[in-house]
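Here the structure is laid out as structure tokens; the discussion comes afterwards.
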Amino acid sequence: MGNSASAAVQGTVKYSERLYLPWWSWPLPMLGAALIGAEINTSYTAIPFWVPYVVLLPLMAIFLVTMGRSRVRVTGGDEPELWVGDAHLPLRYVGEVEIIDRERKRKALGPEGDPASYSMHRGWVGPVLRIGLTDPSDPTPYWLFSTRKPQVVAALLRDEG
């Protein structure tokens, strides 16, 4: 596993995606923060009416932005690597690549899953990729991670791996 995601810029980036939260996921949490602000307004009349909104709405926006900071990258160069979040895997250790659709994702993450696997799941992204590892010294049996374009990532991993 790598020390930082900045090391990904050593090679050329062949694929990169940010697993951001879609715009339609924002209104309900922001409304919830506004309602909590209104509740605080009615309960604590000693503070100015605008303080709960100025605090809670930006905090919710920061929370929603940080939920979507995860990245999936495939880099090229001398040592091609797969980056999922801050974790990275040299492509020479990539084994079987399996695309798991939205319908099978629940089973892959639950009853069929291995607790020793590396997982980065984002519920708002439908498909996931399961990548078997061929490194005998790595106790992790496979990586399971969300991606919006599993066919593209799988093709890159199969070509380079």
So, in the range 39-67, of the ones that are modelled with pLDDT under 95 and of a type in the set (Gly, Ala, Ser), which residue ends up farthest from Leu21 (Cα to Cα)? Ala46
Output the number of the condition that Lys107 fails; it satisfies all remaining conditions of (1) open to solvent by 60 Å² or more (accessible area, probe 1.4 Å); (2) at pLDDT 90 or above; (3) of a type in the set (Lys, Arg). (2)
Those residues of the range 13-42 which are among the polar types (S, T, N, Q) and either within 30 Å of Thr75 (Cβ to Cβ) or open to solvent by 70 Å² or more (accessible area, probe 1.4 Å) (or both) amount to Ser16, Ser25, Thr42
Please give the number of the condition Thr75 fails out of (1) hydroxyl-bearing (Ser, Thr, Tyr); (2) open to solvent by less than 30 Å² (accessible area, probe 1.4 Å); (3) farther than 25 Å from Asp159 by Cβ. (3)
Criterion: over 19 Å from the mean Cα position of the chain (by Cα) and not hydrophobic (A, V, I, L, M, F, W, C) - qualifying residue of Pro150, Pro141: Pro141
Checked the range 13-48 for anything among the β-branched types (Val, Ile, Thr) and either closer than 20 Å to Met60 by Cα or in a helix (DSSP H, G or I) (or both); matches are Ile36, Ile40, Thr42
On the basis of being assigned to a strand (DSSP E or B) and either open to solvent by 70 Å² or more (accessible area, probe 1.4 Å) or under 18 Å from Arg71 (Cβ atoms) (or both), does Ile99 make the cut? no
Expected single match for of a type in the set (Lys, Arg) and touching a Pro at 6+ places or on another chain (Cβ under 7 Å) among Arg102, Arg73, Arg18 is Arg102
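The values are calculated or read from the model by the stated rules, or taken from the named source; none is laboratory data. Note that the structure is predicted; figures quoted are calculated from it, not measured. A quick note on method: Cβ atoms are made from the backbone with ideal geometry, for glycine too, and the neighbour counts reach across all protein chains shown. Accessible surface is based on the protein model in full, side chains and every heavy atom, while ligands, DNA and RNA are left aside. Shrake-Rupley method; radii C 1.70, N 1.55, O 1.52, S 1.80 Å.
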